[in-house]
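To start, the structure under review is shown below, and the notes come after it.
A short reminder: the numbers here are calculations on the coordinates, not readings from a lab. From a predicted model like this one, the values you see are computed outputs, not experimental measurements. Here the Cβ positions follow ideal geometry from the backbone for every residue, glycine too, while neighbour counts run over all protein chains shown.
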Amino acid sequence: MSGPDPRESPAGNDTGATEPFNELRSILLAPEQERLRQLQERLDDPRHRAEDLSGVLPEAIAIRARRDDRLLVSMRPVVSEAMRDSMRRDPKSFADALFPALGSAIRKAIAATLGEMVQSLNQVIENTFSVRGLKWRLEAMRTGRPFAEIVLLRSLVYRVEQVFLVHRETGLLLQHVESGAAAAKDADMASAMLTAIRDFARDTFDAGTEDSLNSLNIGDLTVWIEQGPHAIVAAVIRGTAPLSFKDVLRETVERIHLEQLEPLDDFQGDATPFEASRPALESCLVAQYAVPEQEASPVLKIATATLALVIVIALAMWAYAAWTWRGAVAALKSEPGIVVTEAERNWFGANLVEGLRDPLSKDPREILALHGYGSADVRLDLQPFASSDAGIVTKRAREVLQAPDAVEFAFDNGALSASGTAPSPWIARAREFAPFVAGVRSYADERLLDTTAAAIKAEAERLRAVRIPFALGSAELVPEAAEVARSGAGILSALDTIARDAGGTLRIRIVGQADASGTDATNARISRLRAEAIALAVNTAQFRNLEFDLQGLGATPESDRTVTFQVDESSLSPRKANQ
Amino acid sequence: MIQKKICMLGSFAVGKTSLVARFVHSIYRDQYLTTVGVKIDKKQVRVGDNDVTLILWDLHGEDEFQKIRSAYLRGSSGFLFVADGTRRSTFDKIHELQENAVSAVGDVPFVVLVNKSDLKPEWDVDAEALGAATDRGWTVLETSARTGEGVEDAFLAIAESMLRR
């Protein structure tokens, strides 16, 4: 104490005058002076002061802590330093003290990490085998990004990937934390550039000093910025964070300013003190994933799957039935002689086909059967008509004209033509009746070979070669002549058959001849006798379809003692018959 | 680790960007200069026992069409003023830039870099002008973006000046 002693005289050297006064004072104030002295001694004695303080210190701390955080802020460096010092001096004691808590904390951290891994694994597995998962897998294949990344992005509501603590004035980075999924570039430069962009925006739009850019959007990233007096907190968010996260940032800024006001105030480029703000910043690294939809019950799943299966099968059957029906109708429509005017498919009952049908066309039931439709499946209402389709007209001509198998027909635009081979009578009859076949306007048979005429011609050639010899002056058959006559009779028999098949008669001339050794009258007579002898020999009466002329030719320069045959081929000619 | 913000200032086309291009870590394109008006680079130097990270704010060259945004200067711990030795006007401009910097952030360390020392025969900035600047107490260094001469020294000089504060 540097003040004047109350026991001393206020006048100093005027001892004589103050002595009575002091004595009086001692008498009057002795108890108080004693108490003052005791108090002075108590105050001067540190041991006493500490004792006194110990009595009120807990309550004083409690009162101050309730009022504000100044005590906490003031004590933190001292306590931290004391703890550091203690740890340095006696690390074992600290290790022993922390062991129970540390072991538990480590176990908890490992369990939490494993839990996240299992949850992540579950999510990946779930998404791998779901429809949504297949969709995401396709997206991964298309974009070339890992499947896990697609799963994460698509199931992510939001995730705070990075948090920057930036000195507001200098733009220097004070602290930076990031989640494991984030790939941060240089945080120092990002911090400065972020500040530059904020300055740029504020300058550009003449915003006030306290106004600033609070949000940036870059693709699916958003940067939310919360500003404090000395520092800003910028959070890089993937996805859509709830507005309540702004409160988290605001509280973080306030907390950092409260806890580190002094380092912020005195910041000269050393960011070391802000290591202490890592926990606060890390608490902002939060994420939220989409909650998987409520798992449906197995019964509902089976019912849904069954219903889906039934629908799929029904659709498949419907599509197949429609496809086969279209095929059957198309086959009917393409069939010659059938015209489909209406084709109706009924779910419940027989299908219906209406239209026209030529009797000569293929049976529509057979066509439908080829496509799986029985008689009861389709009701046919086909009215008869005469089709002008080429296939049907040729079929009709064959039927009407009773054409031999060797005859081929062609039909084009009303013109019927025949080719192949046929006997003369049929050829004649076809010419007569073909124009009356339905659909035929003209008929031609130039390419049709007449088989009757060809046969007559061939037999006539053979018969012409038959020469029956006679002796000089005789009309009697010698044995050798009889033999030749028999062969001639065989040929005549063949011609008789041809004529019979053709429905007509054929004229044959038996010509007797003589040599020039006799007179003309003798020769004429004997040649006639010889012809008659042969007619008798071959028994002309047996040939009902042959008409014979006997002729005695007499002697000519070329003649000899023979009888020959001549066939009048045109006698059975259809043309001739027509004429 | 100590961080410091440094602004690089100079007239248009004095070679600020080229000067540091080979010596700094950069993740941003030069187009930032013409859009936002600033490009951020980073340079680490060691001064004594201290590692110092210099966050370089390469500001778009000031000319008659575009003024420097003073907001960018705020919080700067030092300046690198760059002039083109072949253009006297860019050197004279540094007086104005330095005054603007002082009015914006106060008296902070700075170093004047006269660039294009590889073209010294063509210089328009004479010894008298350089001497006058030195007499005013300025630290003047000659640099070349082409050869790299003096660039590291410039970063070291500004870092030392700032740490001395």
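A few comments on the model shown:
- Positive dipole terminus of the protein assembly as shown, leading residue within A:62, A:197, A:541 (C-beta point charges): A:541
- Between the amide H of residue A:549 and those of A:508, A:509, A:510, distances stay under 5 Å, these residues lying 5 or more places away or on another chain, with hydrogens modeled in the peptide plane.
- Residue A:240/residue A:413 FRET efficiency (R0 45 Å; Cβ-Cβ; nearest 0.05): 0.05
- Computed [θ] at 222 nm, helices only, for chain A once each DSSP H run of length n ≥ 4 contributes -39500 (n - 2.57): -17500 deg cm²/dmol
- Note on region A:351-430: Kirkwood hydrodynamic radius from all Cα pairs is 14.7 Å, rounded to one decimal.
- Region B:2-164 shape via C-alpha gyration tensor axes, a/c threshold 1.5: rounded
- With K and R counted +1 and D and E -1, the other residues having a Cβ less than 13 Å from that of residue A:56 yield a net charge of -1.
- Relative compactness, region A:275-389, computed as alpha-carbon Rg over 2.2 N^0.38 Å: 2.28
- Leading residue at positive end of dipole, chain B (Cβ point charges), from B:73, B:119, B:97: B:73
- Cβ-based net charge around residue B:139, under 13 Å, with every Lys or Arg adding one and every Asp or Glu removing one: -2
- Once the gyration tensor of the Cα atoms in the protein assembly as shown is diagonalised, the equivalent ellipsoid follows with semi-axes of 139, 41, 22 Å, ordered largest first.
- A simple charge model with +1 on the Cβ of Lys and Arg, -1 on the Cβ of Asp and Glu and nothing else charged puts the dipole of region A:390-451 at about 200 debye relative to its Cα centre.
- Within the shell defined by Cβ-Cβ distances under 15 Å, the residues around residue B:123 carry a net charge of -4, with Lys and Arg each +1 and Asp and Glu each -1.
- The protein assembly as shown - charge dipole about Cα centre, Lys and Arg +1 at Cβ, Asp and Glu -1, debye rounded to 20: 3480
- Per-residue ellipticity at 222 nm, computed for chain B from helices alone with -39500 (n - 2.57) per DSSP H run of at least four residues, works out to -9500 deg cm²/dmol.
- Ratio of the Cα radius of gyration of region B:47-140 to 2.2 N^0.38 Å, where N counts its residues: 1.16
- Max-minus-min Cα coordinates of region A:465-578 on each principal axis give 46, 28, 21 Å, with the largest extent listed first.
- Footprinting exposure proxy for A:48, B:60, A:257 (fewest neighbouring C-beta atoms within 10 Å first): A:48, A:257, B:60
- Selected from A:221, A:253, B:132, residue furthest toward positive end of dipole (the protein assembly as shown; charges at beta carbon): A:221
- Residues with amide H under 5 Å from that of residue A:157, placed H, sequence gap 5 or more: A:288, A:289, A:290
- Reducing region A:131-203 and region A:248-325 to their Cα centroids gives an inter-centroid distance of 15 Å.
- Between region B:75-98 and region B:110-165, the alpha-carbon centres lie 10 Å apart.
- Only the Cβ atoms of Lys and Arg (+1) and of Asp and Glu (-1) were treated as charged; on that basis the dipole of region A:430-562 about its Cα centre amounts to roughly 200 debye.
- Gap separating the Cα centres of region A:45-70 and region A:398-454, nearest whole Å: 139
- Note that region A:487-494 has calculated 3J(HN,Hα) couplings of 5, x, 5, x, 5, 4, 4, 5 Hz, one per residue in order, obtained from phi through the Karplus relation 6.51 cos²θ - 1.76 cosθ + 1.60 (θ = phi - 60°); glycine and proline are x.
- Entries of A:108/A:185; A:246/B:16; B:5/B:93; A:185/B:4; A:108/B:42; A:92/B:4 with Cα pairs more than 30 Å apart: A:108/A:185; A:246/B:16; A:108/B:42; A:92/B:4
- Here's how it looks for residue A:162: its modeled amide H is under 5 Å from those of A:179, A:236, which are all 5 or more places away or on a different chain.
- Likely footprinting exposure, A:389, A:358, fewest C-beta neighbours within 10 Å first: A:389, A:358
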